[in-house]
Amino acid sequence: MLSRTADNLYWIGRYIERAEMMARLLEVGARIALLPSVGHGYRNEWDSLLQASGTADGFSHKYGDPVQRNIESYLFFDRDNPSSVASCFERARENGRIVRTALTSQMWDALNSAFQELRQLERQPRSELELGVLTEWTMRQTALLRGAIETTHLRNDGYDFLGLGYGLERADNTARLIDVKYYVLLPRVDFVGSEFDNYQWTTLLRAMSAHRAFHWAYGGDVTPAKIADFLILNAKFPRSLMASALAVERHLGHLEETYGRRTEAQEAAEGLRDALRGLSVEEIIEEGMHEFLSRVIGQVNRIGGIVHATYLSGEMR
Amino acid sequence: MSMAPAFFNEMFDDNGIRPHYAKLGDWTQHMPAELRQMKQAEAEALFRRIGITFAVYGEGGDPDRLIPFDMFPRVFTQPEWRRLERGIKQRAKALNAFLVDVYGRGEIIRAGRIPARLIYGNEAYEKAVTGFVPPKGVYSHIVGIDLVRTGPDDFFVLEDNCRTPSGVSYMLENREIMMRMFPALFRENRIEPVDAYSTILRRTLASVAPAKCESDPTVVILTPGHYNSAYYEHSFLADLMGVELVEPADLFVEGGFVWMRTTEGPQKVDVIYRRIDDAYLDPLCFRPDSMLGVPGLMDVYRSGGVTIASAPGAGVADDKAVYTFVPDMIRFYLGEEPILQNVPTWQCAKADDLKYVLDHLGELVVKEVHGSGGYGMLVGPKSTEDQIAYFRTRIEEDPDNYIAQPTLSLSTCPSFVEEGIAPRHVDLRPYCLVGEKIELVPGGLTRVALREGSLVVNSSQGGGVKDTWVLAE
């Protein structure tokens, strides 16, 4: 496969996963904003979201103070924000157009229809669009594409590059979502264990469509330790760090088999999996959640860099 | 030639509907306006869904706009087509013989049939390939010949496209969409299929693999990238042929061969069907100032390590000034009389012609020698005084750059328009494939000037497309 084609497929996966994360982030923000404010009128959850999505600088440069409506526009529609849902869909579709011949017609259909619908959404007055409509629309579109990939795409190297994009982006995004909760939303120690704290945790689960799954897996009370275990270490939950790391490892394993060649990328992915496998929640909390998550995000980025240098840059000899 | 002011209508004659259009007559009779609108909307949705759009960059507007598709097919009988086919193949053969000649001994020039200045002084003449004979002696592998009709038996060649004629994806998709929407029409009429095109194209390209290629040749399509207006077509053809679609940056030269960058390491490339201009092939050879292209490509080409289709330099054969000599080429190289006629052409480079052109600007079509796409063109009878005056100045300033032709009475074909069905002017571009053999699928791209009275069929100027049928006997 052309390296450039592999690169386009990989980025389709990344952009679509990122679009979904943006929608989920917006949902977390909207739900938390529904709570009466706590502490001394402390209301920085929207700011936290911007921090978590890495878009805070761009936003304040354009809009100044974080006002909900502006944040919604910035994270969903704004083309100046390269991570907005609209930007992600547009770029995923552009990548798809470039490698049209490497996609199945159902996949192209899903990408292209999403883009056409997005343009219609953009033409509607913002006052008519509830945030819930936008986030649901996003989840539906990303699910349609994922479904098209799973049911129609040949299980060849192209499938693995798509999967790598999805897996790496998801690992990164899940880490960031947990970080919002742990580090940004609750900066003061005396909030820990409060009603508000538990509400935030539950919101996080809901945003990841994992509320029910969590109860099936753990039962009983919702505790921060259980949730952290679920989102980080539980391989059965498809958005967990562990599940994402295993997906990345699996796709790199396929590539090793297909190409008959082992590279640094496989080593790095196995390293991440081993690091996660040996951990307990207690150890993570002891290290400090934020420090742990920053370390994982760094590792995921490193794997992304190696995948690029090895397979996507065209320098492979 | 017949220059009657009345336009030849391809469906109707004095006695009513011509027999080969009879079933289409019934078809439209049984199509109420609502159904037609529904089908039209369906066709548009299909085109948009498939992603066939035509981007005219730099013009603003919707970058994803569609070329209007007119559902009313254009029909040829088998005898009509057989004559066209012979004429097109004859022309494609002569053009290739000419190219081999002018990059070789130049017999046609020595024989005094074509002035040397017109060839060796031509911008499109590529000195970098003189003395080189490409595999199988083919320079132009895909020849698009634009034809217009003015009477039952009167076909004229408007121009030849020897470099990289586009539009063939529309020929194929128009058919696909018509078959999907109106299957009954295809049961009632016996229509020759066109879908062998991609198979023949692949075979043609494989047949001109370079001498150094020892295994099954690897064919690729080279595109300037996804911002190009014909990108859809490039990717469509790559898909149908099952070959890679590459950009210049995907290729590199090493050890006397061309390689593409893949996830498994370099893979050798044997035949490049390029859809980019000569100037952007190899910066070392053509444009030292350019970052585009594949450095060293031309060295590999000249040493027989890769085939480039169409061959660099093929453009000298489709120059509008060289066009006037194509009938002579046919006589000179093939010893035959041309089956298809040229449109009489005045060359402003010649003093007598220039005088005639300037005296008759109001009735002529004036074109730039190197122009394309309907730009830089004056249609005298449809132009204002100001436009004519503007062209007069331009021609006087640089007469060599212009040719003129009579305003032809282009035939019309019924087309669906706002008010119902009305005649609109059409032309035809068939795609002739030249490799070990010369082949042509029965059909082509019919372009239609959808504006009432307009004679300009270019998609950039409000033209649309139609499915083109050749009926089996």
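For the range A:136-171, the candidate set comprises residues that are closer than 25 Å to A:Tyr259 by Cβ and of a type in the set (Asp, Glu); within that set, the residue that is farthest from the other protein chains (Cβ to nearest Cβ) is A:Glu150. Against the numbered list (1) at pLDDT 95 or above; (2) under 26 Å from A:Phe214 (Cβ atoms); (3) of a type outside the set (A, V, I, L, M, F, W, C); (4) surrounded by 17 or more Cβ atoms within 10 Å (Cβ to Cβ), A:Arg250 comes up short only at (4).
Which residue, of A:His308, A:His290, is out of contact with any Ser or Thr (no Cβ under 9 Å at 6 or more places or on another chain), within 16 Å of A:Leu177 (Cα to Cα) and surrounded by fewer than 21 Cβ atoms within 10 Å (Cβ to Cβ)? That would be A:His290, the only listed residue that is out of contact with any Ser or Thr (no Cβ under 9 Å at 6 or more places or on another chain), within 16 Å of A:Leu177 (Cα to Cα) and surrounded by fewer than 21 Cβ atoms within 10 Å (Cβ to Cβ). The residues on offer are A:Ala309, A:Ala228, A:Ala265, and the sole one that is away from chain B (no Cβ under 14 Å) and either part of a helix (DSSP H, G or I) or of a type in the set (D, E, K, R) (or both) is A:Ala228.
Rundown of residues vs (1) aliphatic (A, V, I, L, M); (2) surrounded by fewer than 18 Cβ atoms within 10 Å (Cβ to Cβ), yes/no style:
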{"site": "B:Val75", "(1), (2)": "yes, no"}
{"site": "B:Pro79", "(1), (2)": "no, yes"}
{"site": "B:Lys89", "(1), (2)": "no, no"}
{"site": "B:Asp101", "(1), (2)": "no, no"}
{"site": "B:Ala111", "(1), (2)": "yes, yes"}
{"site": "B:Pro115", "(1), (2)": "no, yes"}
{"site": "B:Leu118", "(1), (2)": "yes, no"}
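How many of the residues making up the range B:337-362 are without any contact (Cβ under 8 Å) to a residue 60 or more places away in the chain and under 26 Å from the mean Cα position of the chain (by Cα)?
Looking only at that region, the number is 5.
Within the range B:7-20, residues that are part of a strand (DSSP E or B) sit with their Cβ atoms under 8 Å from residues that are among the aliphatic types (A, V, I, L, M), at 6+ positions apart or across chains, in these pairs: B:Ile17/B:Met11.
Does B:Leu292 satisfy the condition of being surrounded by 18 or more Cβ atoms within 10 Å (Cβ to Cβ) and more than 14 Å from every other protein chain (Cβ to nearest Cβ)? In short, yes. Selection over the range B:242-279 of residues that are touching a strand residue (DSSP E or B) at 6+ places or on another chain (Cβ under 8 Å), part of a loop (DSSP other than H, G, I, E, B) and away from chain A (no Cβ under 14 Å) gives a count of 3. Among all positions in the range A:253-262, there is at least one residue which is closer than 26 Å to B:Thr262 by Cα and away from every other protein chain (no Cβ under 14 Å).
Taking the range B:390-473 and the strands (runs of 3 or more DSSP E) fully enclosed by it, the elements with 1 or more residues that are among the aromatic types (Phe, Trp, Tyr) and under 17 Å from B:Glu10 (Cα atoms) are at B:412-417, B:463-470. Here A:Tyr15 does not qualify as under 16 Å from the mean Cα position of the chain (by Cα) and within 14 Å of chain B (Cβ to nearest Cβ). Just wondering, is there one or more residues in the range B:46-57 that are surrounded by fewer than 16 Cβ atoms within 10 Å (Cβ to Cβ), farther than 30 Å from B:Ala309 by Cα and modelled with pLDDT under 95? Scanning the range B:46-57, I find at least one residue that is surrounded by fewer than 16 Cβ atoms within 10 Å (Cβ to Cβ), farther than 30 Å from B:Ala309 by Cα and modelled with pLDDT under 95, so the answer is yes.
Counting the residues of the range B:424-471 that are surrounded by fewer than 23 Cβ atoms within 10 Å (Cβ to Cβ) and of a type in the set (Asp, Glu) gives 3.
Within the option set A:Ala30, A:Ala92, being part of a helix (DSSP H, G or I) and crowded, with 24+ Cβ neighbours inside 10 Å holds for one residue only, A:Ala92. If you scan the range B:262-274, which residues turn out to be buried (at least 20 other Cβ atoms within 10 Å of the Cβ) and under 31 Å from the mean Cα position of the chain (by Cα)? Within the range B:262-274, B:Val269, B:Asp270, B:Val271, B:Ile272, B:Tyr273, B:Arg274 qualify. Residue count for the range A:283-314, restricted to those that are on the phi > 0 side of the Ramachandran plot and modelled with pLDDT of 95 or more: 0. Taken over the range A:104-114, the criterion of being more than 9 Å from every other protein chain (Cβ to nearest Cβ) and either in contact (Cβ under 8 Å) with a residue 40 or more places away in the chain or surrounded by fewer than 22 Cβ atoms within 10 Å (Cβ to Cβ) (or both) is satisfied by A:Thr104, A:Gln106, A:Met107, A:Leu111. Scanning the range A:234-247 for residues that are among the aliphatic types (A, V, I, L, M) and either surrounded by fewer than 17 Cβ atoms within 10 Å (Cβ to Cβ) or farther than 29 Å from A:Val180 by Cα (or both) yields one hit, A:Ala235.
Can we say B:Tyr273 is hydroxyl-bearing (Ser, Thr, Tyr), under 19 Å from B:Val168 (Cβ atoms) and outside the structural domain of B:Leu205 (by TED's automatic domain parsing)? Working first, answer last.
Values: hydroxyl-bearing (Ser, Thr, Tyr): yes; under 19 Å from B:Val168 (Cβ atoms): yes; outside the structural domain of B:Leu205 (by TED's automatic domain parsing): yes.
Yes.
Every residue in the range B:310-339 that is assigned to a loop (DSSP other than H, G, I, E, B) and either out of contact with any helix residue (DSSP H, G or I) (no Cβ under 9 Å at 6 or more places or on another chain) or of a type in the set (Gly, Ala, Ser) (or both), please.
Of the residues in the range B:310-339, the ones assigned to a loop (DSSP other than H, G, I, E, B) are B:310-313, B:318-319, B:324-325, B:335-339.
Matches in the range B:310-339: B:Ser310, B:Ala311, B:Gly313, B:Thr324, B:Gly335.
Considering the range A:203-233, and only residues there that are among the polar types (S, T, N, Q) and surrounded by fewer than 21 Cβ atoms within 10 Å (Cβ to Cβ), the residue that is farthest from A:Leu25 (Cα to Cα) turns out to be A:Thr223. Between a first residue in the range B:40-51 that is under 14 Å from B:Leu172 (Cβ atoms) and in the same structural domain as B:Val465 (by TED's automatic domain parsing) and a second residue that is assigned to a helix (DSSP H, G or I) and among the acidic types (Asp, Glu), which pairs have beta carbons less than 8 Å apart while being 6 or more apart in sequence or on different chains? Within 8 Å, the pairs are B:Phe47/B:Glu173; B:Ile50/B:Glu173.
Consider the range B:229-241 and keep the residues that are more than 7 Å from chain A (Cβ to nearest Cβ) and among the small types (Gly, Ala, Ser). The one that is nearest to B:Ala211 (Cα to Cα) is B:Ala230.
The values are calculated or read from the model by the stated rules, or taken from the named source; none is laboratory data. All figures in this text were calculated on a predicted structure; none of them were measured in a lab. Here the Cβ is made from the backbone with ideal geometry for all residues, glycine too, and neighbour counts use every protein chain on show.
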